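The values are calculated or read from the model by the stated rules, or taken from the named source; none is laboratory data. In this text, all values refer to a predicted model and were calculated from it rather than measured experimentally. Heads up, the Cβs are rebuilt from the backbone with ideal geometry, glycines too, and the neighbour counts pull from every protein chain shown.
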Amino acid sequence: MKNSTRQNSHTPFLLYGVLLLILGFATYLLGVLLVFPRYLLGLRHLLDPVSAWLVWYSGVPIMLGLAFALFDLLFLFGDKKPKAPVRFEPVRHRRVTVALTAYNDEDSIGPAVRDFLENPLVERVIVVSNNSSDRTFDHARDAGAITFNEMAPGYGRCVFRCLSEAAKFDDTDFVVLCEGDSTFRAYDIEKLLAYAPHADIVNGTRTVEPLRQYITQLSTFMYYGNIFVGKLLEAKHLGRGTITDVGTTYKLCRRESLIPLLGKLKPAVNLEFNAHFLDTALGDGLVLLECPITFHPRVGVSKGGNINNWRGFTVGMRMILGMLRNWKRYA
């Protein structure tokens, strides 16, 4: 396989334009909503000039955002979109190495490991326990997984260890990253492999409604927040991908593309690591595709970004800041 070369560096005007538009409309809305304290609390003398200023000057970021977005779409898009033909590299060796993240998942890790090991496409299952305080490590080992204990705390360090350990096995061409909380199923590997001839990374998306169980830890707010941040990432790498889910762990990676990518990833990135992974892969010129996967209620209590909507909001904001600053705070 011929690895993709790093894409030319481009200023993401569409990303900046979208964020400026959001800022402008938010400023306008705030100015309008001041009507309530102005009249209900009798603060017109104090808030009338503030409201007028907000409404009037909200047009500045709106017009600037429109100009940035249109400039990117109308003048730069043709140069940003890769000139290469649609890629097709047949999958000759379909068996995969599966790597599962786990943190205090003693109730789910055993069934999750057995589900993957029973799939005929799976050569082995690796479990990386992020220094769990329960019996996660023992249950994973007893279920037949190759087990590692990542002592450094943080979701990013656990994922990075998963990918690093899985990439060491050269008898499989693909690494499948997943979680040990039973939210995903082994049978979706077949779908991921169906997309593999066209990509370096196949990202499993949880945004197809008939494939998403009604009650999961992914609330309506987090569901649409994932899509929103995904579209911002898509705007940053205009012409390189269609992205609807930046928070999903379930993904398939070509081993020979993953190995050089590992050196560019920053394990210190925590709950927003999946967005960092996709952003870094796209920035390095790798081909990314999304594949609809099934999503199920987790076994046990969520410890990640899905604890509640506020936690999801803060993780999403850190994803956006990371994309804007190229994750420099983790350098």
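Only one of the listed residues (233, 258) is more than 19 Å from residue 9 (Cβ to Cβ), in the same structural domain as residue 196 (by TED's automatic domain parsing), surrounded by 20 or more Cβ atoms within 10 Å (Cβ to Cβ) and modelled with pLDDT of 95 or more. That residue is 258.
Considering only helices (runs of 4 or more DSSP H) fully contained in region 24-88, which possess at least 3 residues that are more than 30 Å from residue 288 (Cβ to Cβ)?
35-40, 44-57, 59-71
Looking only at residues of region 94-111 that are in a loop (DSSP other than H, G, I, E, B) and either among the small types (Gly, Ala, Ser) or touching a helix residue (DSSP H, G or I) at 6+ places or on another chain (Cβ under 8 Å) (or both), we find that the one that is nearest to residue 182 (Cα to Cα) is 108.
Yes or no: residue 114 closer than 27 Å to residue 196 by Cβ, more than 25 Å from the chain's Cα centre (by Cα) and not in a loop (DSSP other than H, G, I, E, B)?
Judged against the criteria, residue 114 is a match.
For region 38-53, which residues satisfy the criterion of being of a type in the set (A, V, I, L, M, F, W, C) and over 21 Å from residue 24 (Cα atoms)? Within region 38-53, 40, 41, 43, 46 qualify.
Can you name the residue in region 117-132 that is among the polar types (S, T, N, Q) and either under 22 Å from the mean Cα position of the chain (by Cα) or assigned to a helix (DSSP H, G or I) (or both) and is also farthest from residue 188 (Cα to Cα) among such residues? Spell out how you get there, then give the answer.
Keep residues of region 117-132 that are among the polar types (S, T, N, Q), which gives 119, 129-132.
Applying the additional criterion that residues be either under 22 Å from the mean Cα position of the chain (by Cα) or assigned to a helix (DSSP H, G or I) (or both) yields 129-130.
Numbers: 129: 23, 130: 25 Å.
Out of the qualifying residues, it is 130.
Of the residues screened, residue 218 is not one that is hydrophobic (A, V, I, L, M, F, W, C), touching a residue at least 60 places away in the same chain (Cβ under 8 Å), in contact with a Lys or Arg (Cβ under 6 Å, 6 or more places away or on another chain) and within 21 Å of residue 317 (Cα to Cα). Among the residues of region 141-155, those identified as surrounded by 13 or more Cβ atoms within 10 Å (Cβ to Cβ) and of a type outside the set (Gly, Ala, Ser) are 141, 142, 146, 147, 148, 149, 150, 155. Selection of region 293-315 for residues being out of contact with any Asp or Glu (no Cβ under 7 Å at 6 or more places or on another chain), more than 12 Å from residue 155 (Cβ to Cβ) and surrounded by 18 or more Cβ atoms within 10 Å (Cβ to Cβ) yields 295, 312.
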